[in-house]
Amino acid sequence: MSHVQFEYTSPRLEGEVMVPGDKSISHRSIIFGSISHGTTKVTNFLDGEDCLRTIAAFRKMGVRIEKEGSTVLVHGNGLEGLKKPGEAIDFGNSGTTTRLMLGLLSGLPFETTIFGDASLTKRPMNRVVDPLRKMGASIYGEADGNFLPITIHGGALQGITYRLPVKSAQVKSAVLLAGLLAEGETVVQEETETRNHTEVMLQAFGADLKQTEKGIAVTSKGNLTACDVEVPGDISSAAFFLIAGALVPGSKVTLKNVGLNHSRTGVLDVLKQMGASITVANERTTGGEKIGDLTIQYTALKGTTIEGNVIPRLIDEIPILALLATQADGKTVIKDAEELKVKETDRIEAVCKNLQALGADVTATEDGMVINGPSRLTGGTISSYMDHRIAMMGAIAALITEAPVKMDEKDSINISYPTFFDDLEAILQ
Ligand code: S3P
């Protein structure tokens, strides 16, 4: 593999970026559009590889989906309109597609085989397979169904009450989707808030879903009805430029139209805790999701502790927050984040090895890392680990390193942010 090199002679950032649509919400718009009756128009859909996998999966199950750029029309014929796919379905790198579809496919009256790329094949599926089996699902795969490829013999399901043992919105969503097909009520209980896009959107599509004393309750009562979705900008993508603005002296960056759902804004809480200057403007709500414009201005920051309930609210932003912590004054401790080990790669290892290679003082721990700042970043050779968020962290690091950053590849950014480098160029002064 030939390396790519990042070198920025004048790294100051100024200007506005309209980040692409939210990955989680884009996936859900296709899934719920496909299982409802009528045409769902999705605007600002994320044209990234993961979300395209979700579209491809439903097309294989007979749903007509038209796409022109970031506008998508999903012609749903209800749950009963889904047909057995003619061949096994490739979910590529997409954990969200896999876990949510496991929930849905468990209750559909046909057999499906699903597989993925090398990274996805290593990611644990028992977190969704276990509760789905409790509902009556027949799931077969490597290591008793923990790893892809997996075959699902869809059939009758029973509602359950399930307390999430992992802080995962993917698991919650898989069980709720199965609950849409199950007999009786399905209740999911979570100790810590995880992203709630499934609940918000299912309600907009008319599902019988309620937040009750017992937990999030759903039944199979009634049909879902098509509902247009305006996808907010992805705060997990915005985080790269927000933090770039906080890293490079003299910078001022505005991110337009960013999703500000409380279950996703942990990164803003931590930035403020570190002393960052952030303002929010033009707040509004669309389809139950809050949106606004974020402006950040460079200012010196201090280290902090990131732990507990905030972790699921910023889990995907930890790689870029770790880079920021190398420039903050004092110690930053990240804990309770063992989930990082089962993302697209082991992100504790990937972040620590890369930051160490660039000259930072970082130590990996069992459930996070400890970073002492500020430290001079020299530059050097790193790996993306074929993980989109690690690749973007590497490119942003080069804004503040003394020598260039070399990385083994950069195309993995296409998973969640295909226009990342264009957007970066546009605000470089
Ligand atoms: C997602 C949930 C999170 C997140 C992932 C998207 C979702 O994963 O890391 O990028 O869309 O539900 P977990 O549910 O495994 O924490």
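The values are calculated or read from the model by the stated rules, or taken from the named source; none is laboratory data. On a predicted model such as this, the values are computed, not experimentally measured, just so you know. Cβ coordinates were reconstructed from backbone atoms using ideal geometry, including for glycine residues, and neighbour counts include every protein chain displayed. The protein model used for the area step is the full one, side chains on, heavy atoms only, and it has no ligands, DNA or RNA in it. Shrake-Rupley method; radii C 1.70, N 1.55, O 1.52, S 1.80 Å.
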Is at least one residue of the stretch 224-232 modelled with pLDDT of 95 or more and within 20 Å of Q158 (Cα to Cα)? yes
Since A178 meets every condition but one in (1) small (G, A, S); (2) assigned by TED's automatic domain parsing to the domain that holds L46; (3) in a loop (DSSP other than H, G, I, E, B), which condition does it not meet? (3)
Restricting to the stretch 361-380, and then to whatever is in contact with a helix residue (DSSP H, G or I) (Cβ under 8 Å, 6 or more places away or on another chain) and in a loop (DSSP other than H, G, I, E, B), can you tell me which residue is surrounded by the most Cβ atoms within 10 Å (Cβ to Cβ)? L377
Starting from the stretch 26-46, take each residue that is within 10 Å of G76 (Cα to Cα) and list its partners that are within 16 Å of the ligand (Cβ to nearest atom) and of a type in the set (V, I, T), counting only C-beta distances under 8 angstrom and pairs at least six apart or across chains. I30/V42; I30/T54; I30/I55; I31/T54; G33/V42; G33/V229; T40/V229
Cβ contacts < 8 Å: first residue under 16 Å from K84 (Cα atoms), restricted to the stretch 102-125; second residue of a type in the set (D, E, K, R) and in a loop (DSSP other than H, G, I, E, B), any location; separation 6+ or different chain. Result? F110/K83; F110/K84; E111/K84; T112/K84
Which members of the stretch 324-353 meet the condition of being among the polar types (S, T, N, Q) and in contact with a Leu (Cβ under 9 Å, 6 or more places away or on another chain)? T326, Q327, T332
Take the stretch 323-342 and flag every residue that is farther than 18 Å from I396 by Cβ and open to solvent by 10 Å² or more (accessible area, probe 1.4 Å). D329, G330, K331, V333, K335, D336, E338, E339, K341, V342
Would you pick out the residues in the stretch 155-175 that are under 15 Å from K134 (Cα atoms), assigned to a loop (DSSP other than H, G, I, E, B) and β-branched (V, I, T)? I160
Run A226 past the list (1) of a type in the set (A, V, I, L, M, F, W, C); (2) assigned by TED's automatic domain parsing to the domain that holds T71; (3) under 30 Å from N282 (Cα atoms); (4) within 16 Å of the ligand (Cβ to nearest atom) and report the number of the one that doesn't hold. (4)
Among the strands (runs of 3 or more DSSP E) contained in the stretch 242-346, which hold 3 or more residues that are within 30 Å of C227 (Cβ to Cβ) and not charged (D, E, K, R)? 252-259, 277-286, 289-297
Just the residues that are part of a loop (DSSP other than H, G, I, E, B) and either within 15 Å of the ligand (Cβ to nearest atom) or over 22 Å from F32 (Cβ atoms) (or both), please, taken from the stretch 129-154. G136, N146
